[in-house]
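Below you'll find the structure, written out as structure tokens, and then a few comments.
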Amino acid sequence: MFMNLFKKRPAAPLPEISLYNTEHSKLEPFIPLSRKAVTIYSCGPTVYDFAHIGNLRAYVFSDILKRTLLIHDYEVKHTINLTDFGHLSDDADSGEDKMMKGLKREGLPVTLAAMRQLSDIYIDAFYEDMDSLRVMTPTTWSRASDYIEAQIRLIETLDEKGYTYETSDGVYFDIQKYPAYGRLGNIDLEQIKSGARVEVNTEKHHPADFAVWKKGLLGWDSRWGKGFPGWHIECSAMAMATLGKEIDIHTGGIDHIHTHHNAEIAQSECATGKQFVHYWMHSAFITIDSTKISKSLGNTITLRHLVDRGFTGDDYRYWLLTAHYRQTVNFSWDALTAAKQALYRLKRFVYEDYKQSASKPDEAYVAKFKKILANDLDTPGAIALMWEVTKDDTLDNKTKCATLHYFDSVLEVGLSDNLEDGKKTLGILGEDEVPEDIQALVDKREAARVARNWTEADLLREALNLKGYTVEDGPQGPKISKV
Ligand code: AMP
Ligand code: ZN
């Protein structure tokens, strides 16, 4: 009799979201582990230097993923890690340690305290980048050196279960004990073995075995002596510590697929016996002149470089979103300039023409927008839809504005600031803000225009541009902006 009373109501159908899962190399419907919060772990930066514009794509991508889930009524728990020790410049266990490199560069001693000091500086710089790109603060920023105990415990578990072996320089994960090794990107272990360079470390059982602990004079105490955890273990340990043993989505750049993420899977699944991650998502690379971004090639560009040249985080974010996250894109100043101009026009619509927002966005456009993003985060499609809204004569300006505000809750390119701040970003000057000499040039140009003396008017426009101002002719007279 009570059965009916307590009969569960059928759960609301899940929104249809398709995500490209690297593990199966195809688009898959997203089915979360639980109806509470979707859990996302994103491999974060190594904080030994400023992030370059390529690195930043990884976080704009995970931000779009998160915001897409939010508008589809999911709650999201998101962790981004900060690698603040021991990441070798090579994904495998060779190459220079990036943090050591940073210490050397800044003339700091090789101590844990100095490493903390160095990473403090670049963590702050990274947070500034995240703010100017309007990336939402994750639920947890997990800093690797704050999770040493969890990492050591995880290595101990693997050790106790017989998945690791000790050598003179560390503790290694024995991939041959885990037959499923290399699921991501279909790694051919035999090929790795036969194609391996002469192994520097002859104590390794297989060239793809990776260090979970590195012995050394610097670091923390463990049952294997002093040292520090290998790079891959930190992500497994922090993902589990902050999100649980099984998580919905793990993101990172494509360079992480083969070694780092296969290592994470092996360690985590051998330790817990559970499927670590259900959707692996990877963003493609940004190139410059079709070449990899790299310090050694001297082509590293940071967000600070863009700002020095007059661009904003919004401009860069807009440019990034004009390409799909799985597409490799080539950065060029011309392309960024075109993005800046397009975004400026959108901002002009919102802050100059529409000015005010209706209480509700247009429902049909909202539905279209959600559907576009639900298709593996199709941001180029979402941007095209923004332009469609501006051109749609069936909508009044207030509704256009509200609809663009709604779109901006995911795209976040600076279209939903308050009117005063938004106007400021346009650089449009009020009458009393225009310096006298500039106003004099504008007046002279206006007189030339009225007299249809176009050559003179053009010359005066150029003179204004050289002084850092632009002038645009509108029905209410010339509009002056500071570039
Ligand atoms: P790292 O600080 O080297 O660990 O890299 C931080 C993030 O940036 C990782 O997710 C990398 O996959 C990603 N990444 C590195 N270089 C590029 C690039 N040129 N374009 C896009 N993403 C990159
Ligand atoms: Zn990672």
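Residues that are touching a residue at least 12 places away in the same chain (Cβ under 8 Å), open to solvent by less than 10 Å² (accessible area, probe 1.4 Å) and more than 15 Å from ligand 1 (Cβ to nearest atom) occur at least once in the stretch 239-258.
Tallying residues that are within 16 Å of ligand 1 (Cβ to nearest atom) and part of a strand (DSSP E or B) within the stretch 26-45 yields 3. So, N465, is that one touching a strand residue (DSSP E or B) at 6+ places or on another chain (Cβ under 9 Å) and loosely packed, with under 14 Cβ neighbours inside 10 Å or not? When the stated conditions are applied, N465 passes them. Condition test on Y48, is it of a type outside the set (G, A, S), within 9 Å of ligand 1 (Cβ to nearest atom), touching a residue at least 12 places away in the same chain (Cβ under 8 Å) and open to solvent by 20 Å² or more (accessible area, probe 1.4 Å)? Judged against the criteria, Y48 is a match.
Those helices (runs of 4 or more DSSP H) of the stretch 199-308 in which 1 or more residues are modelled with pLDDT of 95 or more and closer than 30 Å to S34 by Cα occupy 231-243, 262-272.
Scanning the stretch 448-458 for residues that are loosely packed, with under 13 Cβ neighbours inside 10 Å and either in contact with a strand residue (DSSP E or B) (Cβ under 7 Å, 6 or more places away or on another chain) or not polar (S, T, N, Q) (or both) returns V450, A451, R452, W454. Among residues of the stretch 260-293 being charged (D, E, K, R) and more than 13 Å from ligand 2 (Cβ to nearest atom), the one that is least open to solvent (accessible area, probe 1.4 Å) is E269.
Residue count for the stretch 363-384 under the criterion of being more than 22 Å from the chain's Cα centre (by Cα) and surrounded by 19 or more Cβ atoms within 10 Å (Cβ to Cβ): the result is 1.
To keep it simple, each residue is scored yes or no on (1) aliphatic (A, V, I, L, M); (2) within 20 Å of the chain's Cα centre (by Cα).
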position	(1), (2)
G227	no, no
E234	no, yes
A237	yes, no
T251	no, yes
I265	yes, no
M281	yes, yes
T300	no, yes
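Only one entry in D84, D124 is modelled with pLDDT of 95 or more and within 13 Å of Y48 (Cα to Cα), namely D124. Residues considered: A342, A364. Of these, the only one that is among the hydrophobic types (A, V, I, L, M, F, W, C), over 20 Å from R57 (Cα atoms) and modelled with pLDDT of 95 or more is A364.
Yes/no per residue for (1) under 15 Å from R348 (Cβ atoms); (2) among the aliphatic types (A, V, I, L, M); (3) without any contact (Cβ under 8 Å) to a residue 60 or more places away in the chain:
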position: I372; (1), (2), (3): no, yes, yes
position: A382; (1), (2), (3): no, yes, no
position: L411; (1), (2), (3): no, yes, no
position: L415; (1), (2), (3): yes, yes, no
position: G422; (1), (2), (3): yes, no, no
position: P435; (1), (2), (3): no, no, yes
position: R445; (1), (2), (3): no, no, yes
position: T455; (1), (2), (3): no, no, yes
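Given the criterion closer than 30 Å to I31 by Cβ, without any contact (Cβ under 8 Å) to a residue 12 or more places away in the chain and either assigned by TED's automatic domain parsing to the domain that holds I17 or away from ligand 1 (no atom under 16 Å from the Cβ) (or both), identify the matching residue among T137, T68, T79.
Testing whether each residue is closer than 30 Å to I31 by Cβ, without any contact (Cβ under 8 Å) to a residue 12 or more places away in the chain and either assigned by TED's automatic domain parsing to the domain that holds I17 or away from ligand 1 (no atom under 16 Å from the Cβ) (or both) leaves just T137.
Counting only helices (runs of 4 or more DSSP H) that fall entirely inside the stretch 369-483 and contain at least 2 residues that are modelled with pLDDT under 90, the qualifying elements are 419-426, 436-450, 454-466.
The values are calculated or read from the model by the stated rules, or taken from the named source; none is laboratory data. Keep in mind that what you see is a predicted model, and the values were worked out from it rather than measured. For neighbour counting, all protein chains shown are included, and Cβ atoms are generated from backbone atoms with ideal geometry for every residue, glycine included. Remember, those area values only see protein heavy atoms, side chains included, never the ligands or the DNA or RNA. Shrake-Rupley method; radii C 1.70, N 1.55, O 1.52, S 1.80 Å.
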